[in-house]
Amino acid sequence: MTPLQTARDILCNSRKLVVFTGAGVSADSGIPTFRGSGETGFWGKFDPMKLASPEGFVEDPKLVYDWYNWRRSQLPQVRPNPAHEAIGRLQQEGAVVITQNVDDLHERVAPTGATILKLHGTIIEDKCFSCDHREKVDTANLPPLHRCPKCGAYMRPAIVWFGEALDPDVWDAAEDYCTGCDAMLVVGTSAQVYPAAGLVFEAHRRRANVVVVNLDESPLDEMANVVLYGRAADLVPQIVGP
């Protein structure tokens with residue numbers, strides 16, 4: 001049996017499937033990854049501590065907000081790729097998506113009521129730097145840096161920055177799904193960002209079958225039942241089928 005056939009069998013026989021995605025699933029839509037090099041990676045060009053930390057925001061809130069608005073301005077031009085669409089078909093069968101991505105590409109193809117847990121927040125919302133106020137952001141009509149209508153502090157992107165804790169409700173739900181799943185499809189993540197990457201290890205520890213799709217080797221390969229190397233947009237549709 002080929003690795004592709006093995007991956008198909010694992011997904012077909014699963015009753016509690018979790019799909020865990022990272023930046024690689026959106027790279028084929030034209031959204032840069034963070035840990036790639038040169039033109040393919042954000043952190044090869046920008047200092048993460050200046051643009052993705054509370055300290056950086058306090059030091060220069062306009063610089064940080066404008067940078068996120070630049071990222072938001074790209075979203076209307078990008079579309080979900082075949083990997084997103086194939087994952088959407090899995091969601092129609094009850095699969096849960098847990099993602100490290102902050103874009104909205106999974107949401108655009110997900111069936112109504114599908115569970116999508118966004119571990120690192122979302123770029124299409126703002127939240128207050130001080131209180132609990134949140135606002136949806138219109139990516140076609142981006143607001144400038146502005147203050148919270150409730151408390152007057154600056155609004156910031158609703159993303160988990162370096163040095164910040166994950167949302168406990170999202171994390172607890174993700175842990176529950178990963179400890180209870182019988183299979184996990186991992187797509188486009190290097191497994192270098194913790195605690196999120198630890199969810200894959202937990203699923204493996206609980207004896208879930210793990211299928212990994214990545215461009216290159218990663219620490220996840222040692223625990224996977226099958227590993228497929230290549231572009232997510234090419235491989236995931238082949239695994240899932242029509």
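The values are calculated or read from the model by the stated rules, or taken from the named source; none is laboratory data. None of the values given here were measured: they were computed from a predicted structure. Counting neighbours? That spans all protein chains shown, and the Cβs are built from the backbone with ideal geometry, glycine included.
Does P219 satisfy the condition of being in the same structural domain as I98 (by TED's automatic domain parsing), modelled with pLDDT under 95 and more than 26 Å from Q5 (Cα to Cα)?
Values: in the same structural domain as I98 (by TED's automatic domain parsing): yes; modelled with pLDDT under 95: yes; more than 26 Å from Q5 (Cα to Cα): no.
So P219 fails the test.
Filter region 154-175 down to residues that are of a type in the set (V, I, T) and out of contact with any Ser or Thr (no Cβ under 8 Å at 6 or more places or on another chain) and give me whichever is nearest to I124 (Cα to Cα). I'd like the intermediate steps shown before the answer.
Here is the first cut: in region 154-175, the ones of a type in the set (V, I, T) are 159-160, 170.
If we keep only those that are out of contact with any Ser or Thr (no Cβ under 8 Å at 6 or more places or on another chain) as well, we get 160, 170.
Numbers: V160: 13, V170: 17 Å.
By that ranking, first place goes to V160.
Scanning region 160-208 for residues that are surrounded by 16 or more Cβ atoms within 10 Å (Cβ to Cβ), of a type in the set (V, I, T) and within 12 Å of L17 (Cα to Cα) yields one hit, V186. Within region 130-153, if we keep just the residues that are polar (S, T, N, Q) and surrounded by 11 or more Cβ atoms within 10 Å (Cβ to Cβ), the residue that is modelled with the highest pLDDT turns out to be S130. Within region 209-240, the set of residues being closer than 18 Å to E85 by Cβ and surrounded by fewer than 15 Cβ atoms within 10 Å (Cβ to Cβ) comprises G230, D234. Elements of the type strands (runs of 3 or more DSSP E) sitting completely within region 76-163 and holding at least 3 residues that are over 13 Å from the mean Cα position of the chain (by Cα): these cover 121-128, 134-136, 155-159.
Among the residues that make up region 3-13, is at least one of them outside any helix (DSSP H, G or I) and either modelled with pLDDT of 90 or more or of a type outside the set (A, V, I, L, M, F, W, C) (or both)? There is no residue in region 3-13 that is outside any helix (DSSP H, G or I) and either modelled with pLDDT of 90 or more or of a type outside the set (A, V, I, L, M, F, W, C) (or both).
One line per residue, one yes/no per condition, for (1) closer than 30 Å to L228 by Cα; (2) in contact (Cβ under 8 Å) with a residue 40 or more places away in the chain; (3) not assigned by TED's automatic domain parsing to the domain that holds N13:
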position	(1), (2), (3)
K136	no, no, yes
C151	no, no, yes
Q192	yes, yes, no
G198	yes, no, no
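All conditions in (1) more than 24 Å from D167 (Cα to Cα); (2) not assigned by TED's automatic domain parsing to the domain that holds G22 hold for R71, with the sole exception of (1).
Only residues that are closer than 20 Å to V78 by Cα and touching a helix residue (DSSP H, G or I) at 6+ places or on another chain (Cβ under 9 Å) were counted across region 123-137, and they come to 3. For beta carbons closer than 8 Å, sequence separation of 6+ or different chains, a first residue in region 48-64 that is under 15 Å from Y154 (Cβ atoms) and a second that is basic (K, R) and not in a helix (DSSP H, G or I), the qualifying pairs are F57/R156; P61/R156; V64/R156.
Close contacts from region 121-132, counting a first residue that is over 25 Å from L105 (Cα atoms) and a second that is assigned to a strand (DSSP E or B), with Cβ to Cβ under 9 Å and a gap of 6+ residues or different chains, come to F129/Y154; F129/M155; F129/R156; S130/Y154.
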